[in-house]
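Remarks on the structure that follows.
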Amino acid sequence: MRDDLRARVAAGTAIFRGERILLLHRTLQSSNPGIWDLPGGHAELGESLPRAARRETREETGFRVSLGPIFHAEVFSSLSRRGKLRRTVGVYYHCKAPTKGSPQLDPDEHSEYAWVALSDLESYPTLPFLDRTIRAAFASRGPAPSSRASAKFSRLVESRLESFPVPV
């Protein structure tokens, strides 16, 4: 197989407390050194993406989470520990985590954590694909839909679909 066609598969999670998302600061010895990241990592051979997302989140934060819907998927390049660029397919889930307690970080991977509001995101350096992913997490998150909100959403979707031609 050609090297440019190979890709690793990763799964990550968005953990919110109120209006803030959990970001983890990668150590200088880890992959993507020095950037702020979401919990997650590569799937192991034969492992499902939901299982990988739960396992990686538990390994990186100590939190046992229940997964919600997928909110983002993207093919991106990241820097390995050896300084090599590698292509990765990332799939990200909303999830529920404990509402109290602090993340228990793996010191080989992360040096600190922060609960970050969308308005403060610029103060936490990350990579372009992670910035898109974090913003997608905020954009796709919302209060539990009420019947009024659901009706408004349905009208919005219907109006957008009307603007796309349907092939005959």
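The values are calculated or read from the model by the stated rules, or taken from the named source; none is laboratory data. Just so we're clear, the structure is a prediction, and the values are computed from it rather than from any experiment. Heads up, the Cβs are rebuilt from the backbone with ideal geometry, glycines too, and the neighbour counts pull from every protein chain shown. Note: areas computed on protein heavy atoms with side chains; ligands, DNA, RNA excluded. Shrake-Rupley method; radii C 1.70, N 1.55, O 1.52, S 1.80 Å.
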* Asked: Using the heavy atoms of the protein chains alone and a 1.4 angstrom probe, what is the accessible area of the stretch 1-96 per residue in square angstrom?
  -> 54
* Structure fact -> Probe 1.4 Å, all chains present, heavy atoms only: VAL75 accessible area in Å², nearest 10, is 90
* Asked: What part of the accessible area of the stretch 26-146, given as a whole %, is carbon or sulfur when the probe is 1.4 angstrom?
  -> 53
* Pull up all non-local amide H partners of GLY68: gap of 5 or more, or a different chain, and H-to-H distance under 5 Å with H placed in the peptide plane. => HIS94, CYS95, LYS96
* Taking K and R as +1 and D and E as -1, what net charge do the other residues with C-beta under 12 Å from the C-beta of ASP37 add up to? -> -4
